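A.B. asks: This is the structure I want to talk about, given as structure tokens.
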Amino acid sequence: MKQSGMQLADVQNVYAGAEGRLWELVMGEQIHAGGFASSMELATRAGIKPGMKGVDLCSALGAGCRFLVMNFKAVMCGVDATPHMVEEARKRAPFESWKIEFKLGNVLDVPCPSGTFDFVWGEDAWCYVTDKNKLISEAARVLKPGGIVAFTDWVEGPAGLTGEEALRFNTFMKFPDMQTLPGYRALLEKHGFDVREAAPIEFAKYVDLYIAMLTEQLTFDALRILGGDMELFKAMGAEMVDMQRKTHAGKIGRGRFIGLKK
Ligand SMILES: C[S@@+](CC[C@H](N)C(=O)[O-])C[C@H]1O[C@@H](n2cnc3c(N)ncnc32)[C@H](O)[C@@H]1O
């Protein structure tokens, strides 16, 4: 894995400020590619059932938890390290009866006892976590035996990134590094999961969509978030176009992972 040197503080700055609001502008409250349909596919394939107790690791605005409560009647807890995101998640889950608990914490040391959950959930966020090995070990720790881990994530694609390409992309995105599909499979196996799925999923069309939205519809809104700074908007646009090229070349992709704790 190619390291960029990005740390949790860099990610917290993104999600406490303008960059995080830009991601919400193009992706919506579910800050992941594919939105509702992607979550529905993940939950259905993972076999999430009413009454199951789950934890969303890197829960951001809380949309993952709300999605699972609304559509699968799960009982949810969300963990996120950015205070602003935890505050927003609490505000945006208005129904007391949903009983979603949002905790401020680092997913490298999940603030929950061992063996608590029926499933661990993650959507396009674990790419920000500095130690994927520890993260998967924490996922295994907080699960009950037979529990499910279900997540999607941005990964390095089969064409691979050179060191220079990885540095540019991961620095722009504030990712410390990206896993690969076989890399995540190996980590899941190492931490005692029976891997049911480790498969590539659609990504390039979403990057195309975000660029089209920013240039053809939401330019004014994006500029408002950036304080009217057209130069910054163009510079970020250039990085998005670089991402688009790498995605279409198979150097960057997305994966869906489902495992059962043995
Ligand atoms: C792309 S957002 C997650 C989107 C969310 N899964 C969804 O689908 O709406 C990334 C989130 O990961 C959180 N994050 C990154 N590293 C973290 C860590 N080590 N511990 C907890 N949260 C972390 C950030 O604070 C941010 O809110």
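The values are calculated or read from the model by the stated rules, or taken from the named source; none is laboratory data. Small disclaimer: the values here were computed from a predicted structure and weren't measured. FYI the Cβ positions are ideal-geometry reconstructions off the backbone, even for glycines, and counts take in every protein chain you see. For accessibility, only protein heavy atoms count, side chains too; no ligands or nucleic acids. Shrake-Rupley method; radii C 1.70, N 1.55, O 1.52, S 1.80 Å.
A.B. asks: Using a probe radius of 1.4 Å on heavy atoms only, what accessible surface per residue do you get for the chain? Whole Å² is fine. Write out the running numbers ahead of the final one.
C.D. replies: Values: 11290 Å² over 262 residues.
Averaged over the residues of the chain, the accessible area is 43 Å².
A.B. asks: While we're on this one: Using a probe of 1.4 angstrom, how much of the accessible area of the stretch 99-243 is carbon and sulfur, in percent? Each step should come with its number before you reach the end.
C.D. replies: Values: 3560 of 6180 Å².
Its accessible area is 58 percent carbon and sulfur atoms.
A.B. asks: Still on this model: Using per-residue counts of other Cβ atoms within 10 Å, averaged over each peptide, order 18-24, 211-217 from highest down. The partial results should precede the final answer.
C.D. replies: On the way: 18-24: 18.1, 211-217: 13.9.
So the peptides 18-24, 211-217, ranked by packing, come out 18-24, 211-217.
A.B. asks: Between 0 and 90 degrees, rounded to the nearest ten: what's the tilt of helix 63-72 against the longest Cα principal axis of the chain?
C.D. replies: For 63-72 against the chain, the angle is about 50 degrees.
A.B. asks: Under a plain spin-label model, where a point goes 7 Å from the Cα along Cα-to-Cβ, how far apart in nm are ARG92 and LYS144?
C.D. replies: So the two model labels end up 2.9 nm from each other.
A.B. asks: Using only Cα atoms and rounding to the nearest 10 degrees, what angle (0 to 90) does helix 181-190 make with the longest principal axis of the chain?
C.D. replies: That works out to roughly 30 degrees.
A.B. asks: Still on this structure: Expressed in nm to one decimal, what extension gain is obtained for the pair LEU25 and THR162 from 0.36 nm per residue of sequence separation less their Cα-Cα distance?
C.D. replies: Details: separation 137, 0.36 × 137 = 49.32 nm, distance 3.05 nm.
Once the chain is fully extended between LEU25 and THR162, it gains 46.3 nm.
A.B. asks: Long-range amide H contacts for PHE102: which residues qualify at under 5 Å (H placed 1.01 Å from N, peptide plane, sequence gap of 5 or more or a different chain)?
C.D. replies: Distant-sequence amide H within range of PHE102: GLY78.
A.B. asks: While we're looking at this one, here's another question. If I take R0 = 30 Å and measure r between the Cβ atoms of LYS99 and LYS262 in this structure, what FRET efficiency does the formula 1/(1 + (r/R0)^6) give, to the nearest 0.05?
C.D. replies: Numbers: r = 30 Å, r/R0 = 1.00.
Computed FRET efficiency for LYS99 and LYS262 comes out at 0.50.
A.B. asks: In the chain, what percentage of the DSSP-assigned beta bridges are antiparallel, given to the nearest 5?
C.D. replies: Working: 17 of 35 bridges.
Roughly 50 percent of the DSSP beta bridges within the chain come out antiparallel.
A.B. asks: To two decimal places, what compactness ratio does the stretch 84-158 give when its Cα radius of gyration is scaled by 2.2 N^0.38 Å?
C.D. replies: Working: Rg = 13.8 Å, N = 75, 2.2 N^0.38 = 11.3 Å.
For the stretch 84-158, the normalised Cα radius of gyration is 1.21.
A.B. asks: Using mean Cβ contacts within 10 Å as the protection proxy, how do 247-257, 137-147 order, highest first?
C.D. replies: On the way: 247-257: 20.5, 137-147: 19.0.
Order by mean packing, descending: 247-257, 137-147.
A.B. asks: Give me the number: length gained by fully extending LYS73 to GLU189, i.e. 0.36 nm times residue separation minus the C-alpha to C-alpha distance, one decimal in nm. Walk me through the numbers on the way to the answer.
C.D. replies: Numbers: separation 116, 0.36 × 116 = 41.76 nm, distance 2.91 nm.
Difference between extended and current length: 38.8 nm.
A.B. asks: Please name which of MET178, TYR210, GLY122 has its Cα lying farthest along the dipole of the chain towards the positive end, using unit charges on Cβ (Lys, Arg +1; Asp, Glu -1) and the Cα centre as origin.
C.D. replies: The Cα lying farthest towards the positive end belongs to GLY122.
A.B. asks: Straight-line reach only, C-alpha to C-alpha below 13 angstrom: list the aspartates and glutamates that LYS91 could link to, leaving out same-chain residues fewer than 8 apart.
C.D. replies: Counting by Cα, and skipping residues close in sequence, LYS91 has these aspartates and glutamates nearby: GLU29, GLU101.
A.B. asks: Another question about this same structure. Please report the spacing between the Cα centers of the stretch 1-72 and the stretch 127-170 in Å, no decimals.
C.D. replies: 14
A.B. asks: Moving on. Roughly how many nanometres apart are two label points built 7 Å out from the Cα toward the Cβ at GLU197 and HIS84?
C.D. replies: Distance between label points: 3.3 nm.
A.B. asks: I've got another one for you. Express in Å², to the nearest 10, the accessible area of TRP98 obtained by rolling a 1.4 Å probe over the protein heavy atoms while all chains stay in place.
C.D. replies: That residue has around 50 Å² of solvent-accessible surface.
A.B. asks: Here's another thing I want to ask about it. Using Cα atoms only, what is the angle between the long axis of helix 18-27 and the major principal axis of the chain, expressed in degrees (0 to 90) to the nearest 10?
C.D. replies: For 18-27 against the chain, the angle is about 80 degrees.
A.B. asks: As a test of the definition: which semi-axes, in Å, follow for the chain when you take the square root of five times each eigenvalue of its alpha carbon gyration tensor? Largest first, please. Intermediate results must be reported in sequence, preceding the final value.
C.D. replies: Numbers: eigenvalues 160, 95, 53 Å².
Over the Cα atoms of the chain, the ellipsoid semi-axes are 28, 22, 16 Å.
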